[in-house]
Amino acid sequence: MRRNLFLIIIGLGGAAILLWLGFWQMQRLDWKLDVIAGIDARIGAAPVVLPDAPDPAADAHLPVAVTGTLGAEYLRVLVSQKEIGAGYRIISVLDTGTRRVMLDRGFVPVARTDIPVHADSVTVQGNLQWPQETDGFTPAPDIAANIWFARDVAAMAQALEAEPILVVARQTSFDDAPVQPLPVDTAAIPNDHLQYAVTWFSLAAIWVLMSGAFILRARRAPRTAS
């Protein structure tokens, strides 16, 4: 009897913990969806004038409209696009006349070398971004080949003699083909809470079944022995 009671307590306790973890992940899922919805709303809001001193934390994803001229010099950041393959993000200087900021114009396949030059004044609507793409394993840029392996805002700004401000293009007043804009979105924000919840609930069900099997086995053991 004591053995059965012990197995019941262990079974119910383990199931309770696993269920609690599952419900906690569901709460985290609701929280993450609210966060993503807030970021989506901020990304798609009406653009404002570029702040004098934007803050990487407070002004992340801020929609802005900037008018100026594009410099002929640009940096190529190696990236990959689904169903397209490897290519480059093209980072140019956008000179407003009073300041020089960086513009992420978008993506071109690796084979494209005909990056257009625009002499006239242009207007760009986009979002401010300070991407965290570098770590201890990121190779140093190949300056001779003009290939960067991550968007390092500070380093790119130094190379282009611009402010460490990156505007990621969403809409432009000019045809920049073959460059295709890669606007800021929330697709890269991880949201695996539903999978985690399903895992915990599945483990709870397995735990209950296994506990039930052990209890039945324990109850039948004396009868088999006799």
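Here are some notes:
- Matching residues in region 117-141 - criterion: being aliphatic (A, V, I, L, M) and under 18 Å from GLN158 (Cβ atoms): ALA140
- Checklist (1) surrounded by fewer than 20 Cβ atoms within 10 Å (Cβ to Cβ); (2) closer than 18 Å to PHE149 by Cα; (3) of a type in the set (Gly, Ala, Ser); (4) modelled with pLDDT of 95 or more applied to ALA65, failing item: (2)
- The set of residues in region 3-62 being within 22 Å of the chain's Cα centre (by Cα) and of a type in the set (Phe, Trp, Tyr) consists of TRP31 alone.
- The residue list ASP30, ASP59 contains one member that is acidic (Asp, Glu) and crowded, with 17+ Cβ neighbours inside 10 Å, which is ASP59.
- Region 33-51 - residue that is of a type outside the set (A, V, I, L, M, F, W, C) and closer than 23 Å to GLN171 by Cβ and, of those, surrounded by the most Cβ atoms within 10 Å (Cβ to Cβ): PRO47
- PRO51 falls short on exactly one of the conditions (1) under 30 Å from ALA145 (Cβ atoms); (2) out of contact with any Phe, Trp or Tyr (no Cβ under 9 Å at 6 or more places or on another chain); (3) not hydrophobic (A, V, I, L, M, F, W, C), and that condition is (1).
- One residue stands out among those in region 200-216 that are buried (at least 18 other Cβ atoms within 10 Å of the Cβ) and under 16 Å from PHE23 (Cβ atoms): the one that is modelled with the lowest pLDDT, which is TRP207.
- Breaking point among (1) part of a loop (DSSP other than H, G, I, E, B); (2) in contact with a Leu (Cβ under 8 Å, 6 or more places away or on another chain); (3) modelled with pLDDT of 95 or more, for VAL117: (3)
- Of all residues making up region 142-195, the number that are among the hydrophobic types (A, V, I, L, M, F, W, C), buried (at least 16 other Cβ atoms within 10 Å of the Cβ) and not in a loop (DSSP other than H, G, I, E, B): 11
- For SER92, the criteria (1) modelled with pLDDT under 95; (2) over 30 Å from ALA205 (Cβ atoms); (3) small (Gly, Ala, Ser) hold in every case but one, which is (1).
- The residues of region 92-114 that are closer than 20 Å to VAL79 by Cα, of a type in the set (Asp, Glu) and either in a strand (DSSP E or B) or under 20 Å from the mean Cα position of the chain (by Cα) (or both) amount to a single one, ASP104.
The values are calculated or read from the model by the stated rules, or taken from the named source; none is laboratory data. Small disclaimer: the values here were computed from a predicted structure and weren't measured. Counting neighbours? That spans all protein chains shown, and the Cβs are built from the backbone with ideal geometry, glycine included.
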